[in-house]
1. Based on DSSP loop calls and a cut-off of at most 11 other Cβ atoms within 10 Å, the longest stretch of chain B free of exposed GluC sites (Glu not before Pro) is what?
2. Suppose we compare each residue of segment B:29-76 in its chain alone and in the full protein complex with a 1.4 Å probe; which ones drop by at least 50 Å² of accessible area?
3. Compute the helix-to-body angle for A:21-33: its Cα long axis versus the longest principal axis of chain A, expressed 0 to 90° and rounded to tens.
4. What lysines does B:Lys289 reach when the alpha-carbon gap must be under 21 Å and sequence neighbours fewer than 8 apart in one chain are set aside?
5. Would you mind checking the radius of gyration and Dmax of the protein assembly as shown based on alpha-carbon positions, in Å?
6. Once both labels are modelled 7 Å past Cα along the beta-carbon direction, what's the B:Gln131-B:Ala286 spacing in nm?
7. From largest accessible area down, sort B:Lys34, B:Lys324; use a 1.4 Å probe on the protein chains.
8. Roughly how far apart, in whole Å, are the Cα centres of segment B:19-49 and segment B:51-115?
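The values are calculated or read from the model by the stated rules, or taken from the named source; none is laboratory data. These numbers come from a predicted model, not from an experiment. FYI the Cβ positions are ideal-geometry reconstructions off the backbone, even for glycines, and counts take in every protein chain you see. All accessible areas refer to the heavy atoms of the entire protein, side chains included, with ligands and DNA or RNA removed. Shrake-Rupley method; radii C 1.70, N 1.55, O 1.52, S 1.80 Å.
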Amino acid sequence: MGTPAGFPEYRMRLFVAGTERNSVMALNNITNICRTHLKDNHTLEIIDVFENHAAAMAENILLAPTLVIDTPCREIIVGNLENERQILTALGIR
Amino acid sequence: MRQNALTVGMDITALEQTGHFFVWHAGVDHTQVKNGEFNIDALLAIIQGQARQLQARIIMIDALDVLLRVFHDAEQREDQLYRLNTWLKDQGFTCILTTKVFPPPKQNTGFDIADYMADCVIFLDLRILNQVATRRIRVVKYRGSGFIPNEHPYLITSQGINVLPVTSIELAAYPPPGPFVSTGISGLDAALDGGYRHGAAIMISGDSGTGKTTFIASFAACCCDAGQKVLFASFEEASPAIIDSMISPGIDLQPAVESGRLQFHIALPEALGPEEQLFDLLQKIALFKPDHLVIDSISACRRMGSDTAAFDFLVRLIYSCKMKQITCLMTDQKLPESPFAATATAAISSICDTMIALNFIDTGDHTDREMTVIKSRGTHHSRKHENFHISDNGIVFLQKTTAQGGR
């Protein structure tokens with residue numbers, strides 16, 4: 001798959017609740033996936049809902065952690081992201 | 001929600017404009033995929049952030065059960081409720097939350113814990129009995145409060161929510177009946193030692209056709225003639241039919257209606273539950289401020305749902321009238337097999353100050369009517385069976401009655 005310069009294929013946002021256990025786990029898990037599978041072809045924005053509640057409100061994010069995949073195909077995944085395979089499927093990698 | 005609230009007298013938009021109130025639709029996304037553990041922290045963050053902006057101290061969460069449905073097992077739901085409770089306490093918020101009650105068969109839903117955590121639990125219930133729906137409210141617990149644990153009917157009207165606690169009636173508080181007022185029938189005035197007493201509860205019972213409506217119409221016409229106001233509550237007939245039917249026995253209610261001193265309150269017992277019936281009637285009384293209330297007939301009240309419903313309605317109505325010193329003159333349809341009024345409404349006889357029975361008597365070739373005063377508190381009333389007939393000029397007693405006679 002090609003990588004158009006300056007336009008990453010995978011864009012994601014992760015809503016976390018400060019340093020809560022599941023949020024920390026989710027951040028570790030998605031960071032690993034990015035490093036292993038997405039390389040430079042992605043952006044991952046981390047939003048702490050306690051710092052920026054308006055962002056959570058705007059998208060009706062009631063549960064944390066929540067991963068919002070914006071591209072290539074919109075998908076919302078809640079939980080600590082322990083199942084890597086499911087995320088890769090959602091990203092269209094596997 | 002804003003539109004719906006308007007119909008019960010609450011203007012949410014106006015509240016929002018004050019800057020002290022904020023409503024948010026926290027819609028649950030059902031397309032989301034689950035991957036490992038999660039919790040309601042994002043919701044708490046949103047509430048915390050908004051509350052800070054608004055400087056709010058009170059949080060209301062409607063239908064928490066809908067959100068918690070995303071957690072599959074009871075244990076997880078319990079965890080979230082604990083999390084919510086701890087967080088609310090830490091933040092110092094007062095929180096009112098609603099949740100559905102899960103009907104039997106009883107299984108662990110995770111919501112039982114809410115009852116233990118909450119400082120105050122209020123149970124709302126809608127019951128349908130004999131086709132009549134009644135809403136009831138009950139305080140299940142309230143830490144540190146001397147609450148009344150009984151069920152109370154409540155209503156949702158265009159003015160909001162109205163709770164009608166029958167237990168809040170203070171018996172000691174109402175005044176004794178006032179001076180005599182003419183019954184509009186000279187023979188009856190004599191038999192009652194002067195008439196009905198102002199602010200008393202009076203029941204006239206009898207078979208169909210014995211003249212119950214004529215008795216109360218005589219009273220209504222007489223009072224209006226004397227410049228007093230009368231509210232005529234009818235559960236059986238429309239006002240034109242009542243006015244028309246009284247022309248034959250020589251009682252003209254039309255001038256009283258035209259002067260504004262006589263008003264009708266027509267209600268079909270089946271149309272509304274007893275609480276709504278009571279609320280409507282009390283509201284009419286509050287607006288019109290009558291001196292006297294006549295009701296035709298209380299036996300119809302059973303059609304509001306049940307004997308208990310009729311009893312509740314009448315007890316609350318009578319006490320309410322006694323508090324306001326409004327005479328309450330009622331008719332009751334007697335059941336054939338019973339000596340006096342024998343409907344469930346007979347149960348209210350103990351709170352009636354005066355009871356009058358009307359009967360047919362068979363003389364061999366025709367029937368006559370007779371009246372007996374069963375009781376009339378605080379008076380030297382007649383104990384005789386008094387014969388009367390319904391003439392073209394109202395009710396006429398045949399013998400000269402004296403209050404002292406035949407006691």
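1. Looking at chain B, B:1-169 is the longest stretch - no exposed GluC sites (Glu not before Pro) with at most 11 other Cβ atoms within 10 Å.
2. When all protein chains are present, B:Gln32, B:Val33, B:Asn35, B:Glu37, B:Phe38, B:Asn39, B:Asp41, B:Ala42, B:Ala45, B:Ile46 each give up 50 Å² or more of accessible surface.
3. The angle comes out at about 10 degrees.
4. Candidates past the 8-residue exclusion: B:Lys229, B:Lys322, B:Lys324.
5. Expressed in Å, the Cα Rg and Dmax of the protein assembly as shown come to 34.9, 117.
6. For B:Gln131 paired with B:Ala286, the spin-label model returns 3.0 nm.
7. B:Lys324, B:Lys34
8. Segment B:19-49 and segment B:51-115 have Cα centres separated by 13 Å.
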